[in-house]
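Undergrad: Take a look at this one; I'll ask things after.
The values are calculated or read from the model by the stated rules, or taken from the named source; none is laboratory data. All values derive from a computational prediction rather than experimental measurement. Glycine also receives a Cβ, built like all others from the backbone with ideal geometry; neighbour counts cover every protein chain displayed. Just the protein is used for accessible areas: all its heavy atoms, side chains included, with ligands, DNA and RNA removed. Shrake-Rupley method; radii C 1.70, N 1.55, O 1.52, S 1.80 Å.
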Amino acid sequence: MSAALRALRIGRVLLRYRLDELLAGTPAERWLRLMRPFVPRASREIAALPPGARLRLALEELGPIFVKFGQILSTRRDLVPPPVAEELALLQDRVAPFDGEDARAIVERALGRDIDVAFARFDTRPLASASIAQVHAAALHGPDGAPGREVVVKVLRPGVEARIAADIALLRRVAALVARTHPNADKIRPREIVAEIETTLAAELDLQREGANASVLRRNWSGSAELYVPEVIWSHTAERALTLERVRGIPSDDIAALDAAGIDRRALAARGVRVFYAQVFRDNFFHADAHAGNIWVDPDPARARDPRFIALDFGIVGQLSRQDQYYLAENFMAIFNRDYRRIAELHVEAGWMPAHIRIDELEAAARAVCEPYFTRPLSEISLAEVLGKLFRTAQRYELTLQPQLILLQKTLLSIEGLGRLLDPRIDIWAVARPVLEDILRERYSPRRLAGEFRRRLPELATHAPEMPALVHAWLKQQVEGRHELRMRSQDLASLAAGVQALQRRVVAAILCVGLLIAASVLYALDAGGPALAGAPAAAWVAALAGLWAGLAAWPRRGR
């Protein structure tokens, strides 16, 4: 289908669902006006629907690729209004399956061998079908030639890459047109939306990458009684075909089936919250598409009182930078403690907000968002909702957020919704707080920090011989007055009056680094002499002196 015909069909659907208002004020609106006489008027039922619902129905009519676009957009609540995002989150991959013989041929090409050689059995009738891939039951060869281990094979749809590339190219042209002509283009950010869709789809089109995600998640939860991740069969996996062990379970939103199986739903709800926080703050690797279709419950009767989740579909996972992970955890703890000043300070320290923002104004905004929630019982408070409102409020103060933070907030919203579906009386805060406190206590414990320091000791020891020469050269420049500090930024120019204080802090910082390196070398080489807690006393003296110098070098607020 040519781009022109595809654009014509999109225009007809936009008109049928009265979505031409999205392009008001652009040249596209004129073309749509010319098409309007040839397109049936929207029914009264459609016209009465809100814009988000009409957009959802239009995407469903445009086909599976546009359904996927809508699903991705539903995760970007910073780019689309919340009511629209909530409607798009209702999109489901109800897609007709493609021919099983075609799937068989794709698997053979992907694995480089006949299907009968790769599998003892391959069912050409799919178990499930979605917009990008479908899933088939199969079995590996057993030791005696009979069918052995049961598996499922996920197969990309034929020609899906070409269709996605064509639609993305068309969307890029539309985005460029909207960016040039729409009066609110800076708020809509059409190019950013298309780029986000393209990045996410590129990841989902590589099933080997999805297999790697599953493998990491399985390793993180190996031996766990809380979450099971199916094993990836790497010998039968490629970019267009992914083979996993077959698992069976109950969809986590099927309350009737869970009750029939005798599952303890209260324990299951609390476990879901704990698993999510552990994925984010312990592992820094979380399942970011955690709707009920991808999260099952183990039906084993032996686990009814101690239920276990089963994770599926690993195309979308999330990770945070170490800095964002720390500041997000601290934000959660500040929310738990109602410390609005700390919330404001953390947003600036994290770099999410520009440094010129007044802390007291941001503190007042955080208080205005959070205080109404604390009038409710804690069991009715949604941490995801509070966090989302904080982000949206902070956007008025030039908030800059990574997409992964929005992805995390959307996933947290899904987890809390699932928790309340399983147990309407669950107190999310009471479950989450001790988990988060334990993880933070372990992550930033002296033992963990000492282990991290010991891991980096070879790197420090490698650079230690260079430090005396560098310190000597720098001090010589200071004494001879040859040191020049050139600052071009207007922000840095304001520091000129504090150059002397800056120099003192730099000297203290250099002493801090040198003394800490000396302490690490003394500890590593076991310098002998008196010892304290298994370390030489000389190493303790050097470390304490280094910490004192570090405190002297630490910037003070207001300087």
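Undergrad: So, in region 328-359, exactly how many residues are under 19 Å from the mean Cα position of the chain (by Cα) and open to solvent by less than 30 Å² (accessible area, probe 1.4 Å)? Steps first, answer last, please.
TA: Within region 328-359, the first condition is being under 19 Å from the mean Cα position of the chain (by Cα), and the residues that meet it are 328-332, 347, 350-352.
In the following step, the residues that additionally are open to solvent by less than 30 Å² (accessible area, probe 1.4 Å) were identified as 328-329, 331-332, 347, 350, 352.
Of the residues in that region, 7 qualify.
Undergrad: Counting just the residues of region 276-299 that are of a type in the set (D, E, K, R) and under 18 Å from the mean Cα position of the chain (by Cα), which one comes out surrounded by the most Cβ atoms within 10 Å (Cβ to Cβ)? Let's see the steps before the verdict.
TA: So the first thing to find is which residues in region 276-299 are of a type in the set (D, E, K, R), and the list is 282-283, 289, 298.
Subsequent filtering for residues that are under 18 Å from the mean Cα position of the chain (by Cα) retains 282-283, 289.
Details: ARG282: 16, ASP283: 15, ASP289: 22.
The selected residue is ASP289.
Undergrad: Scan (1) open to solvent by 10 Å² or more (accessible area, probe 1.4 Å); (2) at pLDDT below 90 for the single condition ARG308 breaks and write down its number.
TA: Going through (1) open to solvent by 10 Å² or more (accessible area, probe 1.4 Å); (2) at pLDDT below 90 one by one, ARG308 breaks only (2).
Undergrad: Which count do you get for residues in region 111-126 that are out of contact with any Pro (no Cβ under 6 Å at 6 or more places or on another chain) and either acidic (Asp, Glu) or surrounded by fewer than 20 Cβ atoms within 10 Å (Cβ to Cβ) (or both)?
TA: Within region 111-126, the first condition is being out of contact with any Pro (no Cβ under 6 Å at 6 or more places or on another chain), and the residues that meet it are 111-119, 122-125.
Restricting the remaining residues to those that are either acidic (Asp, Glu) or surrounded by fewer than 20 Cβ atoms within 10 Å (Cβ to Cβ) (or both) gives 112-117, 122-125.
Residues in region 111-126 being out of contact with any Pro (no Cβ under 6 Å at 6 or more places or on another chain) and either acidic (Asp, Glu) or surrounded by fewer than 20 Cβ atoms within 10 Å (Cβ to Cβ) (or both): 10 in total.
Undergrad: Would you mind finding the one in ALA195, ALA175 that is free of Cβ contacts under 8 Å to residues at least 24 places away in the same chain, open to solvent by less than 60 Å² (accessible area, probe 1.4 Å) and touching a Pro at 6+ places or on another chain (Cβ under 7 Å)?
TA: Working: ALA195 fails: touching a Pro at 6+ places or on another chain (Cβ under 7 Å).
Exactly one of ALA195, ALA175 is free of Cβ contacts under 8 Å to residues at least 24 places away in the same chain, open to solvent by less than 60 Å² (accessible area, probe 1.4 Å) and touching a Pro at 6+ places or on another chain (Cβ under 7 Å), namely ALA175.
Undergrad: Considering every residue within region 247-267, establish whether at least one is among the hydroxyl-bearing types (Ser, Thr, Tyr), open to solvent by less than 60 Å² (accessible area, probe 1.4 Å) and assigned to a strand (DSSP E or B). First the steps, then the outcome.
TA: First, the residues of region 247-267 that are among the hydroxyl-bearing types (Ser, Thr, Tyr): 252.
Restricting the remaining residues to those that are open to solvent by less than 60 Å² (accessible area, probe 1.4 Å) gives 252.
Remaining after also requiring assigned to a strand (DSSP E or B): none.
No, region 247-267 contains no residue that is among the hydroxyl-bearing types (Ser, Thr, Tyr), open to solvent by less than 60 Å² (accessible area, probe 1.4 Å) and assigned to a strand (DSSP E or B).
Undergrad: Please give the helices (runs of 4 or more DSSP H) falling wholly within region 298-370 in which 2 or more residues are of a type outside the set (Phe, Trp, Tyr) and closer than 30 Å to ASP206 by Cα.
TA: Working: elements: 322-336, 340-349, 359-370.
The helices (runs of 4 or more DSSP H) meeting that bar are 322-336.
Let's see how each residue does on (1) farther than 24 Å from GLU60 by Cα; (2) surrounded by fewer than 17 Cβ atoms within 10 Å (Cβ to Cβ); (3) at pLDDT 90 or above:
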| residue | (1), (2), (3) |
| --- | --- |
| GLU87 | no, no, no |
| VAL95 | no, no, no |
| GLU101 | yes, yes, yes |
| ARG109 | yes, yes, yes |
| ALA128 | no, yes, no |
| SER131 | no, no, no |
| VAL135 | no, no, yes |
| LEU156 | no, no, yes |
| ALA166 | no, yes, no |
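Undergrad: Are any of the residues in region 318-327 without any contact (Cβ under 8 Å) to a residue 12 or more places away in the chain, under 22 Å from VAL273 (Cβ atoms) and within 26 Å of the chain's Cα centre (by Cα)?
TA: Yes, region 318-327 contains a residue that is without any contact (Cβ under 8 Å) to a residue 12 or more places away in the chain, under 22 Å from VAL273 (Cβ atoms) and within 26 Å of the chain's Cα centre (by Cα).
Undergrad: Checking ALA302 against (1) in contact (Cβ under 8 Å) with a residue 12 or more places away in the chain; (2) open to solvent by 20 Å² or more (accessible area, probe 1.4 Å), which test does it fail?
TA: Against the list (1) in contact (Cβ under 8 Å) with a residue 12 or more places away in the chain; (2) open to solvent by 20 Å² or more (accessible area, probe 1.4 Å), ALA302 comes up short only on (1).
Undergrad: With the requirement that a residue be under 16 Å from ASP99 (Cβ atoms) and touching a residue at least 12 places away in the same chain (Cβ under 8 Å), what does region 138-167 give you? Break it down stepwise before answering.
TA: Let us first name the residues in region 138-167 that are under 16 Å from ASP99 (Cβ atoms), namely 153, 155-160.
Answer for region 138-167, where residues must be under 16 Å from ASP99 (Cβ atoms) and touching a residue at least 12 places away in the same chain (Cβ under 8 Å): VAL153, VAL155, LEU156, ARG157, PRO158, VAL160.
Undergrad: Say we look at region 403-441 and pick out the residues that are in a helix (DSSP H, G or I) and surrounded by fewer than 12 Cβ atoms within 10 Å (Cβ to Cβ); which of these is modelled with the highest pLDDT? Give the derivation first.
TA: Taking region 403-441 first, the residues in a helix (DSSP H, G or I) are 403-422, 428-441.
Now restrict to residues that are surrounded by fewer than 12 Cβ atoms within 10 Å (Cβ to Cβ): 434, 441.
Values: PRO434: 85, ARG441: 78.
Result: PRO434.
Undergrad: Let me ask something additional. Has region 360-381 got any residue that is buried (at least 16 other Cβ atoms within 10 Å of the Cβ), within 19 Å of the chain's Cα centre (by Cα) and modelled with pLDDT of 75 or more?
TA: Residues of region 360-381 buried (at least 16 other Cβ atoms within 10 Å of the Cβ): 362-363, 365-366, 369-370, 373, 381.
Subset that is within 19 Å of the chain's Cα centre (by Cα): none.
So far as region 360-381 goes, no, none of its residues is buried (at least 16 other Cβ atoms within 10 Å of the Cβ), within 19 Å of the chain's Cα centre (by Cα) and modelled with pLDDT of 75 or more.
Undergrad: Can I ask one more? Condition (residue is hydrophobic (A, V, I, L, M, F, W, C) and out of contact with any Lys or Arg (no Cβ under 8 Å at 6 or more places or on another chain)) applied to region 235-242: is it met by at least one residue? Don't jump to the end; show me each part of the working.
TA: Start the filter on region 235-242 by keeping residues that are hydrophobic (A, V, I, L, M, F, W, C), which leaves 238, 241-242.
Next, only the ones that are out of contact with any Lys or Arg (no Cβ under 8 Å at 6 or more places or on another chain) stay: 238.
For region 235-242, residues hydrophobic (A, V, I, L, M, F, W, C) and out of contact with any Lys or Arg (no Cβ under 8 Å at 6 or more places or on another chain): present.
Undergrad: Check GLU398 against each of (1) at pLDDT below 70; (2) open to solvent by 80 Å² or more (accessible area, probe 1.4 Å); (3) touching a helix residue (DSSP H, G or I) at 6+ places or on another chain (Cβ under 6 Å) and name the one condition it does not meet.
TA: Evaluating GLU398 over (1) at pLDDT below 70; (2) open to solvent by 80 Å² or more (accessible area, probe 1.4 Å); (3) touching a helix residue (DSSP H, G or I) at 6+ places or on another chain (Cβ under 6 Å) leaves (3) as the failure.
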